[in-house]
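Participant: Got a structure for you, written out below as structure tokens; questions coming shortly.
Since every read-out is calculated from the coordinates, none of them should be taken as a lab result. These numbers were taken from a predicted model, which means no experiment stands behind them. Because the Cβ atoms are built from the backbone with ideal geometry, glycine has one as well, and the counts that use them run over all protein chains shown.
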Amino acid sequence: MSPLLATGAALLLLLCMLGAFALHGLSDFELKNARVSALTFHAGNAELSGTLVMPRNAPNAPIALLIHGDGPRDRFSEGGYLPLINALLDAGIGVFTWDKAGIDQSSGDWLAQSMQDRADEAVVAMTRVRQAIGPNHKIGLLGFSQGGWVIPRVASEVRPAFSVIVGGAVNWRRQGVYLTQQRLRAQGVPPTSIDAAIAAELKSNDRIFSRQGEPADPNARPDIEPHRFAFIARNYAEDSSTALATMHGPVLAAWGALDRNVDPVNDANSYARAFADHSDRTITLVRNATHALLRARWFDYQLESQWPKWKVALFMCLGRHAYAPGALTLITDWIKSQ
């Protein structure tokens, strides 16, 4: 074979391999090998609609209730949860996930909720799943980001079979300034200027959102949509420290070591102090991982909306392999060990 033909053959082989890998990743966005059923439940004044997804060959599979992070998320987060869900299914773990209040098929308004409202909603969801599947399944919680304020409240009220918290913040106020710090660092702002900006932001936020006995005035922040402003004001004092200390059941708390949304080291230390007297608690930082435990090399952003289109395509092609090495195995193995 001539060198030209050999090079062409090698390139063709490489393209075929890349195509096969992409198709494998895309398969993670389909629920093929699962038993899928719709469940609805009422919490507060809302009727919430969700999907129970069970592995076909695990009759007594444990079930993880997915607790959403911030934002107007539907049950599958516009497909973004599907690689995670398929990894759980392949490990013999079922999932129940629902549209947030006011999103897709759920009524209500998620921006009108406090973290306690969201916790109450999750408790009702656990009861509804138990009614649907009977007594032979362990039911636990798996939540991301803002879910770190919800799950400790739930697990302080009831005893889930397990609680997994990924990228959980502890203090709403501190988390907000960490976001600013990371954004300014990425822009190349000098450290002294970052410190000054954070101090000014804290002072301004406290003045606006910490008004004793008076509602926060949305006119003070015309850059924030009024409904979103009210959501922030409602939850500005949120701190999970007390609830962390009173949680029932085993807990896995994981952060991406390169998290740009919450401070992984400080928040992991807060969890460690709260969990000091519990042997059934695991706290870990995942190397080279983002807030959602994706590979930081390719997905190092604060918001999914910041992804360029080619990164969205890359995520689709990678599927579960978009997660940092070992991240999903950490979660599935830990849940199964409970």
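Participant: So, by mean Cβ neighbours within 10 angstrom, what's the order for 206-212, 46-52 with the highest one leading?
Facilitator: Details: 206-212: 13.1, 46-52: 20.3.
Listed from highest to lowest mean packing, they are 46-52, 206-212.
Participant: Where in the chain are the DSSP H helices whose alpha-carbon span along the long axis reaches 20 Å or more and whose Kyte-Doolittle mean is at least -1.0? Write out the running numbers ahead of the final one.
Facilitator: On the way: long enough: 3-26 (34 Å, 1.98); 115-133 (27 Å, -0.19); 172-186 (21 Å, -1.21); 191-209 (26 Å, 0.05).
Helices passing the filter in the chain: 3-26, 115-133, 191-209.
Participant: Looking at the square roots a ≥ b ≥ c of the eigenvalues of the Cα gyration tensor of the chain, which shape do they give, rounded for a/c under 1.5, prolate if a/b is larger than b/c, or oblate? Intermediate values should be presented prior to the final figure.
Facilitator: Numbers: a/c = 1.72, a/b = 1.20, b/c = 1.43.
Here the chain falls in the oblate category.
Participant: Ok, one more. First select every other residue whose beta carbon is under 13 angstrom from the beta carbon of Asp217; then total the charges, Lys and Arg +1, Asp and Glu -1. Working shown, then result.
Facilitator: Working: positive: Arg207, Arg211, Arg221; negative: Glu214.
Summing Lys and Arg as +1 and Asp and Glu as -1 gives +2.
Participant: Please report the antiparallel percentage of the DSSP beta bridges confined to segment 240-337, to the nearest 5. Please list the in-between numbers first.
Facilitator: On the way: 2 of 8 bridges.
Approximately 25 percent, going by the DSSP bridge assignments.
Participant: Determine the percent antiparallel among the DSSP beta bridges restricted to the chain, to the nearest 5. It would help to have the intermediate numbers written out before the result.
Facilitator: On the way: 17 of 39 bridges.
Percentage antiparallel, nearest 5: 45.
Participant: State the number of lysine pairs found in the chain whose Cα atoms come within less than 30 Å, restricting to pairs 8 or more positions apart or on distinct chains.
Facilitator: Taking the chain as the scope, the lysine pair count is 10.
Participant: Going by Cα centres, segment 71-99 and segment 257-280 are how many Å apart?
Facilitator: 25 Å
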